[in-house]
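To start, the structure itself, in structure tokens.
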Amino acid sequence: MKAWMYHEHGSFTDVLKFETKTSLPQVKDDQVLIKVVAAALNPVDAVRMLGFFKATDCPLPTIPGYDVAGVVVKVGPQVKQLKEGDEVYGNINEKPLEDPKQLGSLAEYTAVEEKLLGLKPTNLSFPEAAGLPLAVETAYQALERCGPLDGKSVLVLGGAGGVGTLAIQLARHVFVASRVAATCSSGKLEFLKSLGVDLAIDYTKENFEELPEKFDVVFDGVGQCDKAVKAMKEGGKVVSIIGEITPPAFQHIVISDGSVLEKLNPFLESGKVKPSTQLLKRSCWGLKPKNLSFPEAAGLPLAIETAYQALERCGPLDGKSVLIMGGAGGVGTLSIQIAEHVFGASRVATTCSSGKLEFLKSLGVDLAIDYTKENFEYLPEKFDVVFDAVGHVHQISEVAQLYDDAQEVVEEVNLISDPQNATVEVINGLEVLKIAAGRCLREVEILNDYSGLLRESLRNNFGSIYRVIVDSHTAFKCLSWSWRD
Ligand SMILES: NC(=O)c1ccc[n+]([C@@H]2O[C@H](COP(=O)([O-])OP(=O)(O)OC[C@H]3O[C@@H](n4cnc5c(N)ncnc54)[C@H](OP(=O)(O)O)[C@@H]3O)[C@@H](O)[C@H]2O)c1
């Protein structure tokens, strides 16, 4: 199966590798095999990958990932409730720091004990569900250990984090606290208010422990236990999930437990408690279109956002003509379709290589220009909007930089195309330009970049017989051959 894996400890970017031939996990009697649809990473994955708890970790190599959402494809003989086809989610490691599984959730399949899983809330997508288990279990268990909270006040330190956003919502809706405050950085104050906090404290501007208001319960999701105890009412409780503990505070380490997920199911399905991915949806998430498979959807976002935003910035396009340079690419194919169907352009033209003309016509373009045979910029037709998804403009400026002075490029072209410096020969039926000038081919590698200028100049000087060099690659070959000769 395919999986992300590390063979030595280090940071994500240094050690995590995508592998295509890892072994499928063995399914124990009390486990199910899950076809992973979505997995999520938590801070503990990074700490583990760095090797901070080697002594209690499994041996390398490791597939990371505690959180998973997916579909049950196989059940062990002692599995009681779950069956094949169930959509489930959970934190696959009962204890995060003690012998976590070697084959984690960043893989096509993962094997998990039934007791660690819950049925995926029906209103949540797989990625939304995958982001929840470890964080929501931590928040729930830590708050539960603080005793009944109804009618009490709760302060959450780190309210904008994965655990913090859930602690706020659980305190409010599940444990029915009467007042919820939280700390966060300046940019997230509004976000916390949208979660329903009564008081959002900007930790970059205020010291929460110096405020006159004290709280029945302080939930420390940051590692500020020494300060947290100062914000506690007399007789109150402080629970911390990270860092040094200052009495009377106590620490909570999550224990993966499917029954917590089941208990929270009504709150999640009713939308009272939301995953932060859903809360942040407007900034970077969208629900997957139902008719698209996950791989189909995964190929879209960056390209389609680029195409949409770039075209949108060109102003209303209805009734206008649009030329897309690079129509066969990821961004290009989407730009063609968006220009026509979303923005209502009246005519869409595009450039592509010879083999893709039919493909682009099948996308509905009115004019497909083969850039290996024609220069779109010399066509008589001009367009209201040109979308450059190829980068010629950029390349020309690079050429100019290469030569320090764009004028020199033009001189170079003139040198190549001066009839005095060139002869024409027919070789194997191919009309070939032979260059007599010495300097011009020293820079052959940039020929592509100014082939438009060159072509124009050759046409002017030699007439139409040089159609053969319309393709800049052919031109390059011909010229370089005659030079070597
Ligand atoms: N004990 C356990 O079982 C357990 C379980 C899960 C997680 N953890 C630990 O708990 C911590 C939080 O986990 P997470 O998944 O929520 O991480 P996370 O999503 O990365 O959140 C961390 C948050 O901390 C906030 N923050 C940083 N400095 C702050 C400060 N001085 N005051 C207030 N907020 C501050 C950041 O928000 P701003 O942008 O507003 O700064 C950020 O949103 C991690 O250290 C993790 O290792 C422990």
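Key figures
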| item | result |
| --- | --- |
| Lys80 versus Ser185: modelled label distance in nm, points set 7 Å from Cα along the beta carbon direction | 4.6 |
| Residue order, fewest to most beta carbons within 10 Å, for Leu317, Leu300 | Leu300, Leu317 |
| Local net charge near Glu234, Cβ-Cβ under 13 Å (Lys/Arg +1, Asp/Glu -1) | +3 |
| Compactness index (Cα Rg / 2.2 N^0.38 Å), the stretch 146-251 | 0.94 |
| Environment charge of Ser105, counting only residues whose C-beta is closer than 11 Å and scoring Lys/Arg +1, Asp/Glu -1 | -2 |
| Computed FRET value (nearest 0.05) for Thr306 with Glu206, which takes r as the C-beta separation and R₀ as 51 Å | 0.80 |
| Nearby lysines by direct alpha-carbon distance to Lys17 (threshold 26 angstrom, same-chain neighbours under 8 apart not counted) | Lys2, Lys35, Lys54, Lys95, Lys101 |
| Two-decimal ratio, the stretch 3-132, of alpha-carbon radius of gyration to 2.2 N^0.38 Å | 1.00 |
| Cα convex hull volume per residue for the stretch 293-388 (Å³) | 93 |
| Within-15-Å neighbourhood charge of Val154 [Cβ basis; K, R +1; D, E -1] | +1 |
| Only Lys, Arg (+1) and Asp, Glu (-1) charged, at Cβ; the stretch 146-251 dipole about Cα centre in debye | 200 |
| Separation in nanometres of the label points that stand 7 Å from Cα toward Cβ, at Glu19 and Ser270 | 4.6 |
| The stretch 301-390, relative contact order in percent, only Cα pairs under 8 angstrom and at least six apart counted | 34 |
| FRET efficiency for Ser194 and Lys361, using Cβ-Cβ distance with R0 set to 60 Å, rounded to 0.05 | 0.80 |
| At R0 = 41 Å, FRET efficiency that the Cβ-Cβ distance of Glu377 and Glu296 yields, to 0.05 | 0.75 |
| Selection from Ala46, Pro100, Thr22 lying farthest towards where the dipole of the stretch 3-132 points positive, charges on Cβ | Thr22 |
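Every number here is computed from the coordinates shown, using simple stated rules; none is lab data. What you see is a predicted model, and the numbers here were worked out from it, not measured in a lab. All Cβ positions, even for glycine, are placed from backbone atoms using ideal geometry, and neighbour counts span all protein chains on display.
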